[in-house]
Amino acid sequence: MLLHEQEGFQELCGMSAVSLPTDGEIGMGLHAEPLLYRHVLAQAKDDYLEGVSTVILELPHRELGGKLTPWQDIVQLQQLCKDRGIAFHCDGARIFEATTGYQQSLPELVKPFDSVYVSFYKGLGGLSGAMLLGPKDFCDEARIWLRRFGGNLYTLLPYAVSGSSGYQKYWKDAKQRNNLTFLEKKEKLVRVAKVFSSEESIISQVVTLEPPVPQVNMVHLYLRPSLEDCNRIRDQVQEQLGVSIFHRIRAIEEDDPAFEEGFRSKFELSIGQANGSVPDNVWIQAWTEFCKAAVVDSKLATTLSEGE
Ligand SMILES: Cc1ncc(COP(=O)(O)O)c(C=O)c1O
């Protein structure tokens, strides 16, 4: 909400946000913690929670590479909200992914919350759209607000159909349809991540994973080479091995703390049906080739700059 929605809550509803965990700044990027009970409690002590209507918890935290708030903290947050008459909302865009990080079923996982938002087009692979879940009177009122905000469409049928189809294919009947389950996707990511982070691997000289052990089917990769170098080397590897190891990669801005640590580009990795069918050893070989070329490049750059 704070990053991608053009301050809609402020501009349209006149609400303001208390961003946690730090005063005025959102904890983001490399090494940042997920929202914890103590972050909210610290604000409660200063009476900061006076007038707060809703605590929103994102599960998993997308900007943190899919880290999860520990279950115990969720339970404590629920109690704190209940005691203070604050609504507890879950941004569960990737709630199916989140289940794999807790020993909880989907109904158990959503139980502490008063309302939950679920995306149709992330793990479910639908066309677009989302669902808001909560008590009937809440959803009836939300429907009115949807209209007020101009979010109504004449028909939602295509989105409902593709969301429902994704739910059957990737959640409910994934096994019967020979699709990877959310848990299998996470497990593949964890296996590959382990090799990437191992000190013996050249990959760990070039790439750092956040979090080092993925908690769900998502991880952020921080890379030392620049965006241009990453794209160039990726194309070389693709030509050599016929494997494309990433497509959407972003430059790290100078004000990002990861820049200080020497990282220049990053991207988000999750396993889907297509890359999930690529054997682990092919992934590792392609990334090893990528990182070897990146190390040679950086040594060359150092030699050239020393010779100047
Ligand atoms: C965590 C999270 N919440 C909410 C959204 C918003 O999704 P939409 O408005 O398309 O339903 C996104 C989109 O990427 C997201 O990652």
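Nothing in this text is a laboratory measurement; each read-out follows from the coordinates by a stated rule. Quantities reported herein were computed from a predicted structural model and do not represent experimental measurements. A quick note on method: Cβ atoms are made from the backbone with ideal geometry, for glycine too, and the neighbour counts reach across all protein chains shown.
Applying the set (1) under 19 Å from the mean Cα position of the chain (by Cα); (2) more than 26 Å from Y121 (Cβ to Cβ) to I203 leaves exactly one unmet item: (1). Among the residues of the stretch 75-99, those identified as away from the ligand (no atom under 16 Å from the Cβ) and crowded, with 21+ Cβ neighbours inside 10 Å are L77, C81.
Exactly one residue among F259, F246 is surrounded by fewer than 20 Cβ atoms within 10 Å (Cβ to Cβ) and touching a Phe, Trp or Tyr at 6+ places or on another chain (Cβ under 6 Å), and that residue is F246. Put simply, of Y154, Y117, Y159 the only residue that is free of Cβ contacts under 8 Å to residues at least 40 places away in the same chain and more than 16 Å from the ligand (Cβ to nearest atom) is Y154. In the set (1) closer than 30 Å to Q78 by Cα; (2) crowded, with 18+ Cβ neighbours inside 10 Å, the condition left unmet by Y121 is number (2). Taking each residue of the stretch 40-68 that is farther than 20 Å from D91 by Cα and looking for partners that are assigned to a loop (DSSP other than H, G, I, E, B) and within 16 Å of the ligand (Cβ to nearest atom) with beta-carbon atoms closer than 9 Å, six or more apart or interchain, yields A42/L20; Q43/L20.
Yes/no per residue for (1) part of a loop (DSSP other than H, G, I, E, B); (2) more than 27 Å from the chain's Cα centre (by Cα); (3) farther than 21 Å from N217 by Cα:
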position	(1), (2), (3)
Y117	no, no, no
Y121	yes, no, no
G126	yes, no, no
I144	no, yes, yes
R147	no, yes, yes
G150	yes, yes, yes
P158	no, no, yes
V161	no, no, yes
S164	no, no, no
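Considering R250, R232, the condition of being basic (K, R) and out of contact with any Lys or Arg (no Cβ under 8 Å at 6 or more places or on another chain) is satisfied by R232 alone. One residue stands out among those in the stretch 210-231 that are buried (at least 22 other Cβ atoms within 10 Å of the Cβ) and of a type in the set (A, V, I, L, M): the one that is nearest to I252 (Cα to Cα), which is L223.
Among (1) farther than 23 Å from N179 by Cβ; (2) assigned to a helix (DSSP H, G or I), which single condition is E253 missing? It fails just one condition, (2).
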